[in-house]
Amino acid sequence: MVSRCVSPFFLRQHAMSDIFGIPTQVILGQLLLGLLNGSFYAMLSLGLAVIFGLLGVVNFAHGAFYMLGAYAAWFLWGRFGVNYWVALLLAPLVVGILGVGLERTFLKHLYKIDPLYGLLLTFGLSLIAEGVLRELFGSSGQSYPVPDLLKGALDVGFMILPIYRVWVIVASLSVCFLTWYLIECTRLGANLRAATENPKLVQAFGINVPRMVMLTYGAGVALAAFAGVLSAPIIQVSPLMGSSLVIVVFAVVVIGGMGSILGAILSGLSLGVIEGFTKVLYPEASNIVVFVIMAVVLCWRPSGFFGKD
Amino acid sequence: MALASAVAALLNPMASQAGNEVVIGDIDDMAGLYADVIGAGGIEAAKMAIADFGGTVLGKKIVFISADHQNKPDIGSSKFREWADKNELNMLLGGSNTGVSIAMAKVAAEKKVPFMAIGAAGASLTNQDCTPYTVHYAYDTTSLANGTASVITQNGGKSWYFLTADYAFGTQLQDAATKVLTANGGKSIGSVRVPLSASDFSSFLLQAKGSGAQVLGLSNAGTDFTNSLKAANEFGITKTMKPAALLAFISDIHSLGLQTAQGLYLTTGWYWDLNPETRAFGKRYFEKMKKEPTMNQAAYYSATLTYLNAVKAANTTDPDKVMEQLRKIKINDMFAKGGYIREDGVMVHDMYVMQVKTPAESKYPWDYYKVVKKMSGEEAFGPLSDSTCPLLKKK
């Protein structure tokens, strides 16, 4: 595999060694791919954690918003020739506004009752969104091109690494960090957190809490749409792309601790890596390993790794 | 009370008129990863066949009903059973998913309802899982492998690594392809079993590349196939390995685009641009669905007509007599020329090995394939003596 190119120094030393019977190159490759998938999990679970942590809504429509983000990018490109970089801003904005509309019309009536109602509502809405898009564009999906600037691949020795995937890691980790910083380290974030603890008191200080909640939902949804645009050039933009992912992302959030932002990011990344290795060691189990871990974590630490007891 | 019975009649229009109608059912994946392969297009094709036949047979109205099996064998088989009991179902068109079709074949035998398996590829339907009422109409894992695997192996692709969908269809397809490539002097280096509808294929593909095999055997279908081929391109794997699509449909190629799919070998039972008859059907279908039909959607049309012709010739809907008639006739329509239904249930007809055109070679919309090889039905489906169908031994 490495013979076609000059391998980096550190690889040359270990090229022949195996760890648990797996060649080092394979391990490095899977580690990188695991981080790639993990950064998607992190970004999606981050939005879920923000929405749950600050609004108490179990947003099952998150996968649908992710899918809508990808469709928005594809549609903007196909109909209006909007390029990838503009779509990266425009699609989350459009989907975020849709989310705000949803919050105003449906969700805001459910804050005072059991979270289960919010879950059922958002689940129903996501089924409707999938059905409508399937009716409009079919189930086999659409192709979205990789932007010219990010075409091609790097030969990093142990594998061929598409440049676009490097961009995905950089973009998603930056967004994750920014969101974390915004909520944990700024005045706005402090207000948000205070509003979730005691909305009446915060309202008394002259802060418009309902508007803040609405915008928070919009921002969480926009995060999902952003992830959707990022994934559009990688996989077929199809109505089902979200539903196959959202269940895993829920498990990631539960493992990290419902509502914990740092927990969502860290467990997203690490579960991506664990899943990656499962794909080598026991591929048949790769779609359930996250749930096995979730079950173990729930028995041992019911509030997740970073959740508050 | 009157309202309740009116609602019941609306929900179940067949119950009151049973006996005056010939009921054709369709159970398929209507919303999942295989929905574009048949789905709504299959319903349209079957309805076209019923309309072309005149809407009635033996003086009875032909009624068409459909349901979504959601890729779950229990849903498919219980819906089939319900229709057989309540709606006096006369014939079932079985859509995608081998797992579901194996479960439905058991119901066909139990309820004595002719079962046209069209979307399912698993050849076990006419081998260990065969029934006196199953007809495997469009293609099976044997014919797909005899096409793609033999052409690629004969062209020098001797060592294979398989990316296999982890259920009955994927493993049967891999086994069939392995048999063919071994017979042609090739060998299988390894395989990885991928869960259905995986969200990312790159890890599996990296393993395939690490094997050093010349050919990447894609033993999957639908969006699993398109996403794995996309990732293979992205990670530069198609530069060192030749991808082989063991089951791909024109809907997949259309959604991938020729830039990604060009050069790919695949096997198909039908293509819209083969001859004036196929083009005429394609045109009629296109006017309704705004896309060209897949081989399965064309087979839905053909199978429906074939069944109705058999009912007319037998002058009864009695399942045993219709099956006897079906085994006697030659199928000559836009789908097959000189096709016939063998004792084990295989509908033997010509199959085509295709290569996907490059963007430069494609001259008009949906101009996607060039014929590499036309296989006779016997070559594609193999001899009857290879069949392990238990029904053959009784005779």
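From the set of residues in segment B:192-223 that are surrounded by fewer than 23 Cβ atoms within 10 Å (Cβ to Cβ) and within 20 Å of the chain's Cα centre (by Cα), which is nearest to the other protein chains (Cβ to nearest Cβ)?
Among residues in segment B:192-223 that are surrounded by fewer than 23 Cβ atoms within 10 Å (Cβ to Cβ) and within 20 Å of the chain's Cα centre (by Cα), the one nearest to the other protein chains (Cβ to nearest Cβ) is B:S197.
Identify, from the list A:L116, A:L149, A:L136, A:L98, the residue that is under 19 Å from the mean Cα position of the chain (by Cα) and either in a helix (DSSP H, G or I) or over 19 Å from A:L76 (Cα atoms) (or both).
Exactly one residue qualifies, and that residue is A:L98.
Which members of segment B:123-145 meet the condition of being out of contact with any strand residue (DSSP E or B) (no Cβ under 9 Å at 6 or more places or on another chain) and either under 21 Å from B:Q70 (Cα atoms) or of a type in the set (G, A, S) (or both)?
The answer is B:S124, and nothing else.
Hey, does segment A:80-94 have a residue that's outside any helix (DSSP H, G or I), surrounded by fewer than 24 Cβ atoms within 10 Å (Cβ to Cβ) and among the polar types (S, T, N, Q)?
yes
Could you say which residue among B:G222, B:G212 is under 22 Å from B:A121 (Cα atoms) and of a type in the set (G, A, S)?
Within the list B:G222, B:G212, the selection yields B:G222.
Select from segment A:228-247 the residues that are within 14 Å of A:N59 (Cβ to Cβ) and either touching a Ser or Thr at 6+ places or on another chain (Cβ under 6 Å) or in a helix (DSSP H, G or I) (or both) and list them in ascending order.
A:S243, A:L245, A:V246, A:I247
For segment B:251-282, name all the residues that are buried (at least 23 other Cβ atoms within 10 Å of the Cβ), within 12 Å of B:V356 (Cβ to Cβ) and within 9 Å of chain A (Cβ to nearest Cβ).
Of everything in segment B:251-282, those that are buried (at least 23 other Cβ atoms within 10 Å of the Cβ), within 12 Å of B:V356 (Cβ to Cβ) and within 9 Å of chain A (Cβ to nearest Cβ) turn out to be B:D252, B:L256.
Which residue out of A:V246, A:V221, A:V229, A:V156 is within 13 Å of another protein chain (Cβ to nearest Cβ), surrounded by 22 or more Cβ atoms within 10 Å (Cβ to Cβ) and hydrophobic (A, V, I, L, M, F, W, C)?
A:V246
Mind checking which residues of segment A:279-300 are more than 9 Å from every other protein chain (Cβ to nearest Cβ) and either under 23 Å from A:T196 (Cα atoms) or not hydrophobic (A, V, I, L, M, F, W, C) (or both)?
Matches in segment A:279-300: A:Y282 only.
Being closer than 30 Å to B:D224 by Cα and modelled with pLDDT of 90 or more is the filter here, so list the residues in segment B:1-33 that pass it.
The answer is B:G25, B:D26, B:I27, B:D28, B:D29, B:M30.
So, in segment B:224-250, of the ones that are of a type in the set (V, I, T) and under 20 Å from the mean Cα position of the chain (by Cα), which residue ends up farthest from the other protein chains (Cβ to nearest Cβ)?
It comes out as B:I250.
Can you name the residue in segment B:75-106 that is buried (at least 24 other Cβ atoms within 10 Å of the Cβ) and without any contact (Cβ under 8 Å) to a residue 40 or more places away in the chain and is also nearest to the chain's Cα centre (by Cα) among such residues?
B:S101
The values are calculated or read from the model by the stated rules, or taken from the named source; none is laboratory data. Not measured: the values here are computed from a predicted model. When we count neighbours, we look across all protein chains shown, and the Cβ atoms used for this are built from the backbone with ideal geometry, even at glycine.
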